[in-house]
Amino acid sequence: MKVSADAYSLLDSKLFEIENTATSGILQKNPRDCCVEIKNIVFEIRQILKNEFYIDGGDEPPAA
């Protein structure tokens with residue numbers, strides 16, 4: 001699988017957002033609000049995957 005540096009950076013930042021949001025939910029915020037926020041971040045990650053990643057000829061598609 002090939003990915004651009006920009007796409008990798010975007011994914012890395014989104015994973016960091018998930019981690020911080022989960023920590024906030026554990027420590028201080030309303031857990032339901034954090035779950036909704038994490039769900040939105042996951043949607044954004046899927047958009048990045050859809051738009052930025054492609055499968056190289058020798059790669060197999062990811063398992064469902």
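The values are calculated or read from the model by the stated rules, or taken from the named source; none is laboratory data. If you're wondering where the values come from, they're calculated on a predicted model, not measured in any experiment. Because the Cβ atoms are built from the backbone with ideal geometry, glycine has one as well, and the counts that use them run over all protein chains shown.
Restricting L15, L27, L11 to those that are loosely packed, with under 12 Cβ neighbours inside 10 Å and without any contact (Cβ under 8 Å) to a residue 40 or more places away in the chain reduces the list to L27. When segment 14-64 is filtered for residues that are modelled with pLDDT of 85 or more and aromatic (F, W, Y), the ones remaining, listed by number, are F16, F43.
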